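These notes are about the structure you will find just below.
Computed from the coordinates by the stated procedures, all read-outs in this text should not be read as laboratory data. What you see is a predicted model, and the numbers here were worked out from it, not measured in a lab. All Cβ positions, glycine included, derive from the backbone under ideal geometry; neighbour counts span all protein chains shown.
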Amino acid sequence: MKPFNNALEQLKKAAELVELNKNIWERIKKPDNVLQVSLPVKLDNGEWEVFEGYRVQYNNSRGPYKGGIRFHPKTDLNEVKALAFWMTIKCAVVGIPYGGAKGGITVDPKKLSVGELERLTRAFTQKLVGFIGSEKDIPAPDVNTNSQIMAWMADEYSKIKGYNVPGVVTGKPLEFGGSLGRNEATGLGGFFVFEQLAKRLKLNSKKTTVAIQGFGNVGCNLAVFLHRAGYKIVAVSDSQGGILNKNGEEMDPEEIMKAKKQKGQIDGCYCRGTVCDCLNFAKIDNEKLLQLPVDVLVPAALEGAIHEKNAGKVKAKIILEMANGGVTPGAEEKLNKKGITVVPDVLANAGGVVVSYFEWVQNLQNYYWTLEEVNEKLKKIMDEAFEEVWQKKEKYQTNLRMGAFALALERIERAMRVRGM
Ligand code: GLU
C-alpha cells in the first residue's frame with residue numbers, strides 16, 4: 001500500500017476544487033525535507049541491530065513543523081510522507097499555528113525490552129537533534145509511542161543541549177511538562193466533532209449504534225466519551241481480534257479496558273492483553289466488524305482499513321475516521337455514492353495535535369492550565385473547525401473531506417502569499 005499516493009490523490013482533487021495557484025501546487029505536492037537515518041542499537045543479548053528511522057518535514061508555511069513519531073514494523077518512508085502531509089492539512093483545518101511533519105521507525109516495539117526501547121528512542125533523538133527543536137519541529141506520540149517515549153526524547157534532547165527543553169516534544173508525562181488532558185485529547189476531540197454532526201443530523205444518542213476498529217489510546221478514549229453520552233457501543237476490536245454485543249448487552253469501554261489491562265504490560269510499556277480478554281461478549285473479526293449494520297463506524301487503527309474492496313460491504317451511515325488515512329480515496333468514492341457520510345481524519349482526529357499545541361504553549365510560558373481550561377479551549381477549536389469545514393462543504397457542494405482540504409489549502413495559500421512564497 002502506498003499511502004502517499006492516496007494523499008496526493010486527495011490533494012489533487014482539492015486543488016482542482018479550489019483552483020489552487022500553480023506555484024503553490026508545485027510547492028505543496030512535495031515535502032520540504034526528508035531525513036532517513038540508521039539506528040544501531042545494542043540488544044540485551046549483546047548483539048547489535050540496525051533500525052531505520054525517518055522524519056519528514058512537509059511544510060512550515062503556517063508555523064513550526066509538527067507531528068508524531070510512529071513505531072511500527074510496516075512503517076516506511078512513503079507512509080511517513082503521507083502522514084506528514086496530513087498533519088500539514090490537519091493543523092490548518094483547526095487553525096493552529098503549525099506546519100506538518102511526521103516521523104517513524106520500522107520496528108515492532110513489542111518485541112523489544114524496555115531497555116532496548118529506551119536505547120532505540122535515544123539513538124533516534126540523537127540523530128534528530130539538529131533537525132527538531134521547540135521553534136522548529138516538534139514531535140509527539142503516534143501509533144505505539146506514548147508519554148514515556150516522549151519523556152526519553154525530551155530528556156535526551158535536553159541533555160545534549162545542556163538545559164531543559166520540554167517544548168521540543170509534546171505528549172509528555174505530567175511530571176515533565178505534559179499537559180492535563182493530552183492523553184484523552186484525540187478521543188475527546190473526535191467526540192466533540194461527532195456531537196456537532198449529530199446535532200445537524202438530529203441523531204438520538206440512545207438509538208445510535210457504534211462499532212470501533214482499534215482500541216488503543218484513540219479508539220478507547222472515544223468509546224468512553226460516546227458511551228458516557230449515551231451512545232450504544234456494539235463492537236470493538238484491536239489487532240488481536242474483536243468483540244460484539246450479540247445479545248444487546250451493554251458494552252462499557254472502561255470495563256473492557258480494565259479486562260485488557262489485567263494481563264499486565266509487556267516489559268512495562270505496552271498492554272499485553274486484548275479486548276478479547278473481556279469474556280462476556282461474542283467474538284468478531286476485524287473485517288466483519290467493518291460490515292456490521294451500525295449507524296456509526298469508527299476506523300481507529302491504521303491507514304487503509306476501508307479500501308476499495310471492502311467499501312461496498314460497509315452498512316454504516318456515518319464513518320468517523322479517527323485513524324489517519326483510514327479510508328482510501330477509492331473507498332470514499334464508493335461510500336459517497338451510497339450516501340455514507342465520512343468525517344475525515346484531518347478534522348476527526350485533530351484533537352490530539354490541538355492539545356499538543358496547548359502543551360507547547362504551556363511549556364513556553366512555564367505556566368500550566370487546569371483540565372477544565374484545556375477541555376474548554378479544545379471544544380471551542382473543534383466546534384469552530386467543524387462549522388468552517390461544513391461551510392466549505394456547502395460552498396463547494398462537496399463532501400466533508402474536500403471541505404476540510406479546501407479550508408486548509410486556502411489558509412496555507414494565504415500564509416505562503418503573505419510570506420512571499
Ligand atoms: N500523532 C497525532 C496525530 O496524528 C498527534 C500529533 C501531535 O500531537 O503532534 O495527529
Arranged by the count of other C-beta atoms within 10 angstrom, fewest first, what order do Glu388, Glu321 take? Glu388, Glu321
Under the 7 Å Cα-to-Cβ spin-label approximation, Asn336 and Lys12 lie apart by a distance in nanometres of 1.5
To make sure I understand the rule: partners must be aspartates and glutamates, Cα under 17 Å from the Cα of Lys111, and not fewer than 8 residues away in the same chain. Which ones qualify? Asp44, Glu47, Glu49, Glu52, Asp267
Taking the alpha-carbon centroid of each part, what is the distance from the range 207-269 to the range 295-316 in angstrom? 17
Checking the a/c ratio against 1.5 first, then a/b against b/c, what shape does the Cα gyration tensor give for the range 261-406? oblate
Asserting the computed 222 nm helical MRE of the chain (DSSP H runs at least 4 long, -39500 (n - 2.57) per run, divided by residue count, to nearest 500) equals -14500 deg cm²/dmol
Percentage relative contact order, the range 122-216, counting C-alpha pairs under 8 Å, at least six apart: 22
Take Lys263, Lys110 and order them by how many other Cβ atoms sit within 10 Å, fewest up front. Lys263, Lys110
Listed peptides 391-398, 355-362, 171-178 by packing density, highest first (mean Cβ within 10 Å): 355-362, 171-178, 391-398
Full-extension gain in nm, Lys199 to Val129, via 0.36 nm per residue minus C-alpha separation: 20.6 nm
Taking N as the number of residues in the chain, what is its alpha-carbon radius of gyration divided by 2.2 N^0.38 Å? 0.94
